[in-house]
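**Q** Just passing along the structure, written as structure tokens.
The values are calculated or read from the model by the stated rules, or taken from the named source; none is laboratory data. In this text the structure is predicted, and so the values were computed from the model without any measurement. Every residue, glycine as well, gets a Cβ built from its backbone with ideal geometry; the counts of neighbours run over all protein chains shown. With ligands, DNA and RNA removed, areas are computed over all heavy atoms of the protein, side chains included. Shrake-Rupley method; radii C 1.70, N 1.55, O 1.52, S 1.80 Å.
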Amino acid sequence: MKLKYTFVAEIMPSKIGKGGAYVVFPYDLKKEFGVGRLKVNATFDGVFYAGSIVNMGLKDPAGNICYILGIKKDIQQKIAKTIGDSVTVTVKVRN
């Protein structure tokens, strides 16, 4: 298990349709941490966010479970990015 994860991800639209968005965490939480939900401190292009990586029933094209991290509208505004844009994400596990 790493202490810090850094990756570039595309901002994806929430299927709920209320303007929500998320990024896919490119690792399997079950394999990395043995859990299905993980509290984290994250940054999106350097803007801080405390949240959780979760399984919301999404799957990749190969049928594997996708774990996601929400990106709030105010953070999208601060970094001037929206659905379809790429963002640099850092994630650290919260105790």
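**Q** Select, from Gly36, Gly84, the only residue that is loosely packed, with under 11 Cβ neighbours inside 10 Å and not in a strand (DSSP E or B).
**A** Working: Gly36 fails: loosely packed, with under 11 Cβ neighbours inside 10 Å.
The conditions single out Gly84.
**Q** Same structure again: Which one is surrounded by the fewest Cβ atoms within 10 Å (Cβ to Cβ), of the residues in region 39-60 that are more than 12 Å from the chain's Cα centre (by Cα) and either under 20 Å from Asn95 (Cα atoms) or hydrophobic (A, V, I, L, M, F, W, C) (or both)? Steps first, answer last, please.
**A** From region 39-60, those more than 12 Å from the chain's Cα centre (by Cα) are 45-48, 57-60; that's our starting set.
Add one more test, that the residue is either under 20 Å from Asn95 (Cα atoms) or hydrophobic (A, V, I, L, M, F, W, C) (or both), and what stays is 47-48, 58.
On the way: Val47: 16, Phe48: 10, Leu58: 15.
The residue in question is Phe48.
**Q** Which ones in region 14-33 are surrounded by 14 or more Cβ atoms within 10 Å (Cβ to Cβ) and either closer than 17 Å to Gly84 by Cβ or without any contact (Cβ under 8 Å) to a residue 12 or more places away in the chain (or both)?
**A** Of everything in region 14-33, those that are surrounded by 14 or more Cβ atoms within 10 Å (Cβ to Cβ) and either closer than 17 Å to Gly84 by Cβ or without any contact (Cβ under 8 Å) to a residue 12 or more places away in the chain (or both) turn out to be Ser14, Gly20, Ala21, Tyr22, Val23, Val24.
**Q** Anything in region 61-73 that is touching a strand residue (DSSP E or B) at 6+ places or on another chain (Cβ under 9 Å) and open to solvent by 50 Å² or more (accessible area, probe 1.4 Å)? List them, or say none.
**A** Ile65, Lys72, Lys73
**Q** Going through region 1-13 one residue at a time, which ones are open to solvent by 50 Å² or more (accessible area, probe 1.4 Å) and under 18 Å from Asp74 (Cα atoms)?
**A** If the condition is that a residue be open to solvent by 50 Å² or more (accessible area, probe 1.4 Å) and under 18 Å from Asp74 (Cα atoms), then Glu10, Met12, Pro13 are the ones that fit.
**Q** Separate question: Scan region 39-60 for residues that are part of a loop (DSSP other than H, G, I, E, B) and either touching a residue at least 40 places away in the same chain (Cβ under 8 Å) or on the phi > 0 side of the Ramachandran plot (or both) and jot them down.
**A** If we filter region 39-60 for residues that are part of a loop (DSSP other than H, G, I, E, B), which is where we start, we get 45-46, 60.
Passing the criteria: Asp45, Gly46.
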